[in-house]
1. Based on what the data block shows, is B:E284 closer than 24 Å to B:R415 by Cα and either basic (K, R) or in contact (Cβ under 8 Å) with a residue 24 or more places away in the chain (or both)?
2. What number of residues in the stretch B:153-181 are away from chain A (no Cβ under 14 Å) and at positive phi?
3. Which residues, counting only those in the stretch A:1-36, are among the hydroxyl-bearing types (S, T, Y) and out of contact with any Ser or Thr (no Cβ under 6 Å at 6 or more places or on another chain)?
4. Where residues in the stretch B:168-203 are within 23 Å of B:F145 (Cβ to Cβ) and of a type in the set (K, R), which of them is surrounded by the fewest Cβ atoms within 10 Å (Cβ to Cβ)?
5. Just wondering, is there one or more residues in the stretch B:164-174 that are in contact with a strand residue (DSSP E or B) (Cβ under 8 Å, 6 or more places away or on another chain), more than 19 Å from B:V201 (Cα to Cα) and part of a loop (DSSP other than H, G, I, E, B)?
6. Please find, among A:Y8, A:Y3, A:Y29, the residue that is within 14 Å of chain B (Cβ to nearest Cβ), under 16 Å from the mean Cα position of the chain (by Cα) and among the hydroxyl-bearing types (S, T, Y).
7. Take the stretch A:72-94 and flag every residue that is within 14 Å of another protein chain (Cβ to nearest Cβ) and under 13 Å from the mean Cα position of the chain (by Cα).
8. Among the strands (runs of 3 or more DSSP E) contained in the stretch A:23-115, which hold 1 or more residues that are closer than 24 Å to B:P182 by Cα?
Amino acid sequence: MNYMLLIYSDEAGFKAASKAQVEQTMAAYVAYTEALKKAGALVRGDRLQSASSASTVRVANGKTQVLDGPYAETKEQLGGFYLIDVPDLDAALAWAARCPGAGHGTVEVRPLWTM
Amino acid sequence: MDDVSAPAGEGDQARATAEAVARRHYGKLVAFLAARTRDVAGAEDALSEAFAAALARWPTDGIPDNPEAWILAVARRKTIDAARRRRSSQAAEPDLQLIAEELETVAADVTQIPDQRLALMFACAHPAIDAATRAPLMLQTILGFDAAAIASAFLVAPATMSQRLVRAKAKIRQAGIPFRVPEPAELRERLDAVLEAIYAVFAEGWADAAGTDARRRNLAEEGIWLGRLVVSLMPDEPEALGLLALMLHAEARRVARRHSSGDYVPLIDQDPNLWDANLLDEAEALLRRASRKGVLGRFQLEAAVQSAHVVRRRSGQSDWAAIERLYDALLALTGSPVVAINRAIALAETRGPAAGLAALDALADDARVAEYQPYWAARAGLLGRIGDRAGADEAYRLAIGLELDPSVRAFLQQRQTALRPPGRDKS
């Protein structure tokens, strides 16, 4: 089954981190991505630009509204994702727990809709 | 579909037996089908008409020689027809199709149905399922109770319970919750969740001490049955053995908990001759078997507390020193305020009421005990014993105000009244 691991974390905290801390976190993500690849579980994964780069679009009454900023203003923002292919929820939860994002934020595990 | 309550009147036994057999076999078939497809609702749908027919016909026609073959034959006819209709009318529903195919296969050889009920229990008690829904989900999938009956036993509105069960089943399917016994690394934690859910089933039944509510009394029996099932499927798990021992200990004292008049009798005042000796012996044997594995756990400790009370059968007295040590261990393990209250009661026996009160005082800041009847009842009893009548009276009033069970309330009121006549310092 395909699962999306959505990584939410506090961007402000990441910006305030020292260079060494940032490097350590990035290295952890590289290692994690490598482990997913080796296990044959990785479909794709990416980091997102900061939430301040987000624009939100909505069409109401035939009029397009574009707003500056993310959909929801929360303390933790969506910062990246992995799309993985594993046999079941237990396997997905095990990968989510290994994700560095689970340490510095929260990882939401969502199965993809299957037609 | 059916009702948790035991019927009253003639022919009850035949009906109850037929119903129990139907439930056991139904659960095995649901587990088998759902384990293949992860579609619990689909498996239930496929078997529901056959199960209803078994509940209606077996009490009068007698239980068939091969109950699973009987249920399967009926289910197969209905489901395959439905699957064919669907296949021709709309986009194929792969799960239903798969179930129909499974039914075809197993119907050909019913002796070959593997028992997947343990896998189904682990799915029902998965950490991704809401904790409060795990026990109801097990009752429905393993034993075939309908949402209305479960709602009644758990004191929840039927529509709410029905919604929770539907959601949980959808979650199992959509989120891909696996049907299997977890790997050793996480087995202990996951098994705890299964055992907790079984204990919740039992406790719902046990809570109705008077045994006046047949629906709930039956839940205690179903809890014990589920406990036996886990022990039969995982005979080397000490906590599974401990849970079964704990439930049997409690069940053995069911009759002794009430006077013939229906009045509440606390454990220390119960007549040991009214305890069911066979159940107690079985419980003790299970506990010994568990302790030989050398891995302690919550349920074994709680069963051991029961066991230390039951020594009164021979010695005339509970082994309070052992009970204190066991509650020490339980408190270290769980940190539960309920355990702390029981430990304080044991302390009052081993070191005197003042020591027990001091232990209760240490809990006074815990918001969880403020509305917990046993805390106030324990306090009242100990205050009475040190001669603080006013304090005891006040604590009894709070305990009485918080109690749900009328006979326990009446018992507390008697204790409160007994404080009042001058010259009596003990209740």
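The values are calculated or read from the model by the stated rules, or taken from the named source; none is laboratory data. This is a predicted model, so every value here is computed, not measured. Every residue, glycine as well, gets a Cβ built from its backbone with ideal geometry; the counts of neighbours run over all protein chains shown.
1. Numbers: closer than 24 Å to B:R415 by Cα: no; either basic (K, R) or in contact (Cβ under 8 Å) with a residue 24 or more places away in the chain (or both): yes.
Here the answer is no, as B:E284 does not meet what is asked.
2. 1
3. So in the stretch A:1-36, the residues among the hydroxyl-bearing types (S, T, Y) come out as A:3, A:8-9, A:18, A:25, A:29, A:32-33.
Across the stretch A:1-36, the qualifying residues are A:Y3, A:S9, A:S18, A:T25, A:Y29, A:Y32, A:T33.
4. B:R173
5. Taking the stretch B:164-174 first, the residues in contact with a strand residue (DSSP E or B) (Cβ under 8 Å, 6 or more places away or on another chain) are B:174.
From the residues that got through so far, the ones that are more than 19 Å from B:V201 (Cα to Cα) too are B:174.
From the residues that got through so far, the ones that are part of a loop (DSSP other than H, G, I, E, B) too are none.
Checked against the condition, which is being in contact with a strand residue (DSSP E or B) (Cβ under 8 Å, 6 or more places away or on another chain), more than 19 Å from B:V201 (Cα to Cα) and part of a loop (DSSP other than H, G, I, E, B), the stretch B:164-174 yields no hits at all.
6. None of the others qualify; the one that does is A:Y3.
7. To start, the set of residues in the stretch A:72-94 that are within 14 Å of another protein chain (Cβ to nearest Cβ) comprises A:84-94.
The answer is A:I84, and nothing else.
8. On the way: elements: A:42-47, A:55-60, A:63-68, A:77-85, A:105-111.
By residue number, A:42-47, A:77-85, A:105-111.
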